[in-house]
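Just so it is clear, none of the values below were taken in a lab; they were calculated from the coordinates. Keep in mind that what you see is a predicted model, and the values were worked out from it rather than measured. Counting neighbours? That spans all protein chains shown, and the Cβs are built from the backbone with ideal geometry, glycine included.
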Amino acid sequence: MIASPTTGPRMPVLKVENLAVAYKIRGGEVEAIQNVSFEIARGETFGVVGESGCGKSTTAWAVVNFLGANGYVKRGSIKFQGQELLGKSGEELRQLRGDQIAMVYQDPMQSLNPSMRLGDQMKEVLTVHRGVSDAEATRRCVEMLDRVYMPDPAAVLRRYPHQISGGQQQRVVIAMALLNNPALLIMDEPTTALDVTVEAAVLDLIAELRRDFDTAIMFISHNLGVIARICNRVGVMYAGELVERATVQELFADPQHPYTQGLIRCLPRLGADKAGSVLYPIRGRVPPPSNRPAGCVFSPRCDYVQERCRLERPELRQLPNGTFVRCHFAEVIDPAAWIPSADVRLIPPPAGNGAGAPILEVQGLKKYYPLQGSSLRDVVGLGEQRFVQALEDASFTVHKGQTLGIVGESGCGKSTLVKTIIGLESSSGGRAEFLGLDITGDLSDRNTELIRELQMVFQNPDATMNPSYTVGYQIARPMERFGTVPKGQIRAEVLRLLEAVRLGENYYNRLPRQLSGGEKQRVGIARALASRPDLVLCDEPVSALDVSVQAALLNLLLEVQQEYGTTMVFIAHDLSVVRYFSDQVAVMYLGQVVDIGPAEAIYAPPYHPYTEALLSAVPIPDPAAQQRRIRLEGTVPSAIDPPSGCRFHTRCPRRALLPDGGRICEMEVPPWREAGNGHRILCHIPLETLRDLPPVITVSP
Amino acid sequence: MLVKDCMTRHPVMAPPTMLAAEAQHLMHENQIRHLPVVGDGKRLLGLVNQLSFALDPGALASLDVWEITRHLSRLSVSDVMIPADKIETIAPDRTIERAARHMTDHKISCLPVVEDDDVVVGILTEVDLLHAFQLMLGLPSDGVRVTMRMPNRPGEFARLTAVLGRQQWGVMGIGTFPTPRREGFYDAVIKIRGVDSAEARAVLSQVPDQEIVDIRDVV
């Protein structure tokens, strides 16, 4: 290791001290964040992590003074390069924001003007701020877009924001932020809305830019895996306070605060499965700012709580290893000796792993959406009919009591597959049988009995619940409709289900808006179970939720599965969650299942090249884990005109393993290769070659 | 090495409206000696250094302590800065030796680094150049530092590198210059990794026509 030449003490680019932000509300004010202190040096990425509602974004907004009309900084100081930002006039701040501080938000469309061409928006930064000529500005924009690995930058400049994908939009926003060479870049969940493959590429990019431009980065994320990959130092926020601040290595290897330890216990480690490990959700939830406990803010949820914690608010103090922690008992707490508290019910490993009878059999299932052309020929019906081939030749079997996990990038047909099975879409070909009954037809052809046996849990519980019906009524409806429960016992049955999803009787009369996101999803699960279905289809049921809620819900689903013997089809984009939850995993690409088999087989060689790339991209919450770096170029091609031969050939990083540069991949549809134990891979590359590839992820002990 | 590789990026900068007293505090806080003054779009308007705060004793002599205070409290950065037209600047893609020449020619201790005529992207000070100097001679890492004296003719240096190559020794830093007060000779300072001085002396003393002027482990 080469030490840099001795330098004098460097001032941090951003120094936040004892910051408190308050929002004025009717009848007083609430302090959204309190006593937050941290600093970011040049060329450093400081991560801020925590559940939603903990004040991460508020901290970022305070730095740039975007707190809104009713928010203000109540105490503390924010120094940018030694200059106090608080109390600066609007004009001075505007100049600083334009010239030296840039922000990137979760949703790139927030920062892009939908009615302007991307080129005009980007060039504006240079022509207005720097007065460079139009031609020179174009040249530099192309250069910067090239820098963020945008394919065909010159053409992108002529497009409108809606004409490029979400990942590309985010790259444009990052390029725009960097055009002005800011000293401080604030990124608020910049990759949360992106696919894991795109996320990996954007994270690589951020790391590279930090190195080359010496920019200080404040990186906000709820995803510990992303934090582990990109940050040097991390601050953990809880209920408006910074509870722990440490280097990323220390934080993951030796978390000091009980909350940090809890967060890490919530996460399924990649490679862990439900039989071998348990997720421990943190009980309770983040208190609202108006109702924080008097002592330690975490005390109501802490397993180590003592009398002192309830009375005295701990200060952020430094431990001998350099970590800052806000806990009275950090030294005495030994996370290795932790035992789950009594109210966390442990799920016994599934008894008798023998798969039951096949419950769902799908053979060559297809779903094509007809595409309406706009020419006159199309209108009168003479044009060639074109289709979006959303689902092509899906075949698999799900056995009773098992879980099939489905993974893939967005636009790969995961949701189409589930919708076709449940009957929201009719299929265009192939065979699908549920308990021996054909389910390829339209939903209206199905009898009530069949509908009752197939239920679904949706990603967004808000969109699937009637906002004006009470929770109790929503759960009771399927029971009434299907007549599964005698009329007189419905209320008792609803209460039993509420209890099963760990909601008390007091939830019976609540309306959806009175519930948190996690609670709504619990109601969604209870409603899906109300008709006692044999098969539950879950479409990203936990991806919109915080990790501790996610852990609780996964446990709940497992428990329900144990108790009722329910079979599940589980879609998720988080590969660790799928690995943890599923017995069988299917990897989908562009409407096709390309890799299917037992969960443990999918995550070890031989891999399908696409699975390999997905595994390489998944952020692992362990900075010590080594991942081989495989990045896919471009985005998923259009399903209107999918690539010939193997659909993955346009992006496949492993084609070179085949003779003649993989010409065969373009010409012929690959064969299914049986890797044993029911693991099948759709690829031209021989299994022996795929087996020889090293594992993507190696976790050092 | 170019200016952009050795400059300090994102220097601390001040707007022209900042009070001189505040600028003085800012420089003290950040432990810097030069403060570029910039307007909208980081355009260079001037430069404040420590001399900017030296007040003319003659001008103050006639004032009493209250008047001095009043005078100082009104003084802004734009009153004390060196205006932009009197500042030497440099572009980020120039070489550092050219930057050093620029600084010695004008006897100045810093150069604001500008793009697009006057947009400040960094600052290059004497300290940055001294860092670069240390890096070039391989100071940060351990090794043997040898000064070889060789006749000023083509091919001499190649002989030295051939010997290093045969030994598979890594060189972390190198600098050559005409030998002071001896016409026709060059001195080359090289820093070699992973050997001790006795070993290095034994090997390098075999190079014909060349002489070890100095050799040391501890720099």
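Computed over the Cα atoms, what is the radius of gyration of the stretch A:604-698 divided by 2.2 N^0.38 Å, N being its residue count?
Details: Rg = 14.0 Å, N = 95, 2.2 N^0.38 = 12.4 Å.
Output field value: 1.13.
Given the convex hull of the Cα atoms of the stretch B:138-216, what is a quarter of its surface area in nm²?
On the way: hull surface 19.3 nm².
With the hull built on Cα positions only, its mean projection is 4.8 nm².
Please average, across the residues of A:86-94, the number of beta carbons from any other chain that are within 10 Å of each residue's own beta carbon, and give a whole number. Mind dumping the intermediate values first?
Working: counts 0, 0, 1, 1, 0, 3, 3, 0, 1.
The shielding value for this peptide is 1.
How much of the DSSP bridge set in chain A is antiparallel, in percent, rounded to the nearest 5? Don't skip to the answer; put the middle values down first.
Details: 59 of 93 bridges.
Antiparallel bridges: around 65 percent, rounded to the nearest 5.
Quick check: the distance between the Cα centres of the stretch A:445-469 and the stretch A:150-226, to the nearest angstrom?
Centre-to-centre (Cα) distance: 37 Å.
Could you work out the helix-only [θ] at 222 nm for chain B, with each DSSP H run of four or more residues adding -39,500 (n - 2.57) and the total divided by the number of residues, to the nearest 500 deg cm²/dmol? Numbers along the way, then the final one.
Working: 9 runs with 76 residues, N = 219.
Dividing the helical sum by the residues of chain B leaves -9500 deg cm²/dmol.
Starting with the highest mean, order A:400-408, A:106-114 by the number of other Cβ atoms within 10 Å, averaged over the residues of each peptide. List each step's numbers first, then the result.
On the way: A:400-408: 24.2, A:106-114: 15.9.
Ranked by mean Cβ neighbours within 10 Å, highest first: A:400-408, A:106-114.
May I ask for the angle, rounded to the nearest 10°, between helix B:20-30 and the longest principal axis of chain B, with both axes built from Cα atoms and the value confined to 0 to 90°?
With both axes taken from Cα atoms, the answer is about 30 degrees.
Have a look at A:Ala492, A:Ser548, A:Gly373 and report the one farthest towards the positive end of the charge dipole of the stretch A:358-585, computed about the Cα centre with Cβ charges (Lys/Arg +1, Asp/Glu -1).
Of the listed residues, the answer is A:Ala492.
Report, as a whole number in µm² per second, the diffusion coefficient that Stokes-Einstein gives for the stretch A:110-181 at 25 °C and 0.890 mPa s using the Kirkwood radius over alpha carbon pairs. Provide the component values of the computation, followed by the final result.
Working: Rh = 11.8 Å.
So the translational diffusion coefficient is about 208 µm²/s.
Computed FRET efficiency, Cβ-Cβ of A:Gln363 and A:Met116, R0 35 Å: what is it to the nearest 0.05?
Values: r = 49 Å, r/R0 = 1.41.
Between A:Gln363 and A:Met116 the formula returns 0.10.
In whole Å and largest first, what semi-axes does the C-alpha gyration tensor of the stretch A:546-612 yield when each eigenvalue is scaled by 5 and square-rooted?
Numbers: eigenvalues 114, 36, 24 Å².
Ellipsoid half-lengths, sorted descending, are 24, 13, 11 Å.
Give the order of A:Ser415, A:Ser277 when sorted by the count of other beta carbons within 10 angstrom, beginning with the fewest. Intermediate values should be presented prior to the final figure.
Working: A:Ser415 21, A:Ser277 13.
Arranged by neighbour count, lowest to highest, A:Ser415, A:Ser277 become A:Ser277, A:Ser415.
What is the magnitude of the charge dipole of chain B about its Cα centre, with +1 placed on the Cβ of each Lys and Arg, -1 on the Cβ of each Asp and Glu, and no other charges, expressed in debye to the nearest 20? Display every interim value, and only then the final one.
Details: 23 positive and 29 negative charges, 148 e Å.
Computed about the Cα centre, the dipole is about 720 debye.
From Cα pairs below 8 angstrom and at least 6 apart in sequence, can you work out the relative contact order of chain A, rounded to a whole percent?
Numbers: 1364 pairs, mean separation 87.3, N = 701.
With pairs under 8 Å counted, the relative contact order is 12 percent.
Looking at chain A, identify the longest residue range that excludes and avoids all GluC sites (Glu not before Pro) in DSSP loops having at most 14 other Cβ atoms within 10 Å. Provide the component values of the computation, followed by the final result.
Working: sites that count: A:Glu312, A:Glu315, A:Glu331, A:Glu384, A:Glu633, A:Glu668.
With a cap of 14 other Cβ atoms within 10 Å, the longest stretch comes to A:1-311.
Can you flag which of A:Lys74/B:Lys42; B:Lys42/B:Lys86; A:Lys56/A:Lys274; A:Lys123/B:Lys4; A:Lys274/A:Lys367 are past 27 Å Cα-Cα?
Details: A:Lys74/B:Lys42 30 Å; B:Lys42/B:Lys86 18 Å; A:Lys56/A:Lys274 32 Å; A:Lys123/B:Lys4 23 Å; A:Lys274/A:Lys367 33 Å.
Cα-Cα > 27 Å for A:Lys74/B:Lys42; A:Lys56/A:Lys274; A:Lys274/A:Lys367; rest within.
Scanning chain A for helices, which whole DSSP H stretches are 24 Å or more long along the axis (Cα) and average -0.5 or more by Kyte-Doolittle?
On the way: long enough: A:196-213 (25 Å, 0.72); A:547-564 (25 Å, 0.67).
Correct list, ordered by number: A:196-213, A:547-564.
Below 26 Å, Cα to Cα, which lysines can A:Lys487 reach? Residues fewer than 8 away in the same chain don't count.
A:Lys520
Taking only C-alpha pairs under 8 Å that are 6+ residues apart, what is the relative contact order of the stretch B:3-134 in percent? Intermediate results must be reported in sequence, preceding the final value.
Working: 188 pairs, mean separation 44.1, N = 132.
Relative contact order for the stretch B:3-134 comes out at 33 percent.
Please report the orientation-averaged projected area of the stretch A:358-585, defined via the convex hull of its C-alpha atoms, in nm².
Working: hull surface 55.9 nm².
Result: a mean projected hull area of 14.0 nm².
Using helices alone, what [θ] at 222 nm do you get for chain A, with -39,500 (n - 2.57) per DSSP H run of 4 or more residues, divided over all residues and rounded to the nearest 500?
Numbers: 24 runs with 217 residues, N = 701.
Calculated from helices alone, the mean residue ellipticity at 222 nm is -9000 deg cm²/dmol.
So in the stretch A:358-585, what percent of DSSP beta bridges are antiparallel if you round to the nearest 5?
Values: 17 of 32 bridges.
The antiparallel proportion sits near 55 percent.
Starting from the Cα of A:Lys366, draw a straight line to each of the lysines and keep only those under 16 Å, dropping any in the same chain fewer than 8 residues away.
Cα-Cα hits under 16 Å: A:Lys414, A:Lys419.
The stretch A:313-337 to the stretch B:32-102: how many Å between their Cα centroids?
47
Between A:Arg481 and A:Glu600, what FRET efficiency comes out of the Förster formula 1/(1 + (r/R0)^6) with R0 = 51 Å and r the beta carbon distance, rounded to 0.05? Could the numbers behind the result be given before it?
Working: r = 40 Å, r/R0 = 0.78.
Efficiency for this residue pair is about 0.80.
Evaluate the charge dipole of the stretch B:134-196 about its Cα centre and quote only its size in Debye, nearest 20, assuming +1 on the Cβ of each Lys and Arg and -1 on the Cβ of each Asp and Glu. Please report the intermediate quantities before stating the final value.
Working: 9 positive and 5 negative charges, 25 e Å.
Roughly 120 debye for the stretch B:134-196.
Roughly how tilted is helix B:126-136, in degrees to the nearest 10 and between 0 and 90, from the longest Cα axis of chain B?
Here the helix axis deviates by roughly 20 degrees.
Taking a temperature of 10 °C and a viscosity of 1.306 mPa s, what whole-number D in µm²/s does Stokes-Einstein yield for the protein assembly as shown with Rh from Kirkwood over alpha carbon pairs?
Values: Rh = 32.1 Å.
Once the numbers are plugged in, D ends up at 49 µm²/s.
Let me know the charge dipole size of the protein assembly as shown about its Cα centre in debye, to the nearest 20, where only the beta-carbon of Lys, Arg (+1) and Asp, Glu (-1) is charged.
820
Compute the separation of the alpha-carbon centres of the stretch A:361-422 and the stretch A:666-701 and state it in Å as a whole number.
25
Which one of A:Ile685, A:Leu657, A:Ala675 has its Cα pushed farthest toward the positive end of the charge dipole of the stretch A:560-701, where Lys and Arg give +1 and Asp and Glu give -1 at the Cβ?
Of the options given, the answer is A:Leu657.
Quick one: plug the Kirkwood hydrodynamic radius of chain B (C-alpha pairs) into Stokes-Einstein at 10 °C, 1.306 mPa s, and report D in µm²/s.
Numbers: Rh = 20.8 Å.
Calculated translational D: 77 µm²/s.
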